[in-house]
1. Within the accessible area of the chain, what % is carbon and sulfur when the probe is 1.4 Å and the other protein chains stay in place?
2. If you look at just the Cα atoms of region 136-279, how large are its Rg and its Dmax in Å?
3. Given charges of +1 on the Cβ of Lys and Arg and -1 on the Cβ of Asp and Glu, with all other atoms neutral, how large is the dipole of the chain about its Cα centre, in debye to the nearest 20?
4. Taking the alpha carbon gyration tensor of region 134-208, what are the square roots of 5 times its eigenvalues, largest first, to the nearest whole Å?
5. Measuring from label point to label point, each 7 Å out along Cα→Cβ, what is the residue 64 to residue 218 span in nm?
6. Suppose the chain between residue 37 and residue 168 were pulled fully straight at 0.36 nm per residue; how much longer would it get relative to their current alpha carbon spacing?
7. Solvent-accessible area of residue 88, probe 1.4 Å, all protein chains present, reported in Å² to the nearest ten, please.
8. How far is helix 86-106 tilted off the main Cα axis of the chain, in degrees rounded to 10, range 0 to 90?
Amino acid sequence: AKSAGRDTSRFFSLETNNRVMARQVMEAQLRQALDHHEFTLHYQPRINAKTRQVQGAEALLRWSNPVLGQVPPGQFIQLAEETGLIKSIGLWVLREACRQWMAFEAEGLFTGLELSVNLSAAQLADADLVDQIGQVLRETHMPANRLELELTESHLMDNPSSAQEKLSALKRLGVNIAIDDFGTGYSSLAYLKRFEIDKLKVDQSFVLGMLDDSADAAIVHAVIALGHTLGLSVVAEGVESGPMAQSLIALGCDELQGYWFSRPLAVPDFVQWIKGQPE
Ligand code: C2E
Ligand code: CA
Ligand code: CA
Ligand code: CA
């Protein structure tokens, strides 16, 4: 086993430029990852800016593979999309997160916290999505109004009329919809009144820059104002410092998420974090 490990790493260092090979290896590993139970979820709290209490958490996927090690989602989600594997992986995420959430609640860890789950473009395009989500809600007893699905602007704008239908169907199920990475898409703002959306998540690039860059600060300010004018709630992600949190609170941002409050946490750490919060 020891020499096999060395061969594997030599293989990868020799072939680092060979993107095709690396992709094939990753794809082969990704195809088996669900069956081999290589995925876990981490949870990152989001904080209500007014009460300073935890309002919910976002489930973030983690992949630990014997050949590739820890692979960050930024390195495999796109491949999962391109191969269609994201449909089964995304369904696993949704079911696992809802199951976990109801287990936390049954154990008395919290009551009423919201759960955010990221959806990919391929999932949104899948004709089975709405039925599958309905099924997961029934199966896990997760209350629909406490589940929030995060979509990006480009997911919606790939095929706006189909996306509009999907969102209406999701709203009929009773789930909430948030636009992730808001401000980074190319799209016009017209879709905001067409689509049934509940929340905007200001992209972390603007939040991270807001204290040093007046353009970033102006964008954060404008997104909060726009969201509120449209009756939407606004979340800032990438909140890394106390001064950032303070200025977002002063701007009227509704919720805050970022390393300043907590990194995404594995289940045991998340449980400890929640237990350490004031009632
Ligand atoms: P995202 O949905 O925008 O998630 C936020 C990312 O920012 C997460 O990276 C999180 O760990 C990171 N982050 C949180 N707070 C801070 C902060 O204060 N500063 C900085 N610099 N970063 C922060 P992560 O977990 O690596 O996920 C990357 C992306 O992968 C996600 O971006 C999302 O697009 C995708 N992803 C993750 N899990 C899933 C999933 O279950 N399904 C799908 N479709 N995509 C997922
Ligand atoms: Ca997200
Ligand atoms: Ca985001
Ligand atoms: Ca992102």
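The values are calculated or read from the model by the stated rules, or taken from the named source; none is laboratory data. None of the values given here were measured: they were computed from a predicted structure. Backbone-built Cβ (ideal geometry, glycine too); neighbour counts: all protein chains shown. Quick note on the areas: whole protein, heavy atoms, side chains included, nothing else; ligands and nucleic acids left out. Shrake-Rupley method; radii C 1.70, N 1.55, O 1.52, S 1.80 Å.
1. Working: 7120 of 13740 Å².
Taking all protein chains in place, the chain shows 52 percent carbon and sulfur surface.
2. Both quantities, over Cα of region 136-279: 16.4, 48 Å.
3. On the way: 24 positive and 35 negative charges, 73 e Å.
The calculation lands at about 340 debye.
4. Values: eigenvalues 109, 49, 16 Å².
Square roots of five times the eigenvalues give 23, 16, 9 Å.
5. It is 4.7 nm.
6. Numbers: separation 131, 0.36 × 131 = 47.16 nm, distance 3.35 nm.
Difference between extended and current length: 43.8 nm.
7. We get 60 Å² for residue 88.
8. Computed tilt is about 60 degrees.
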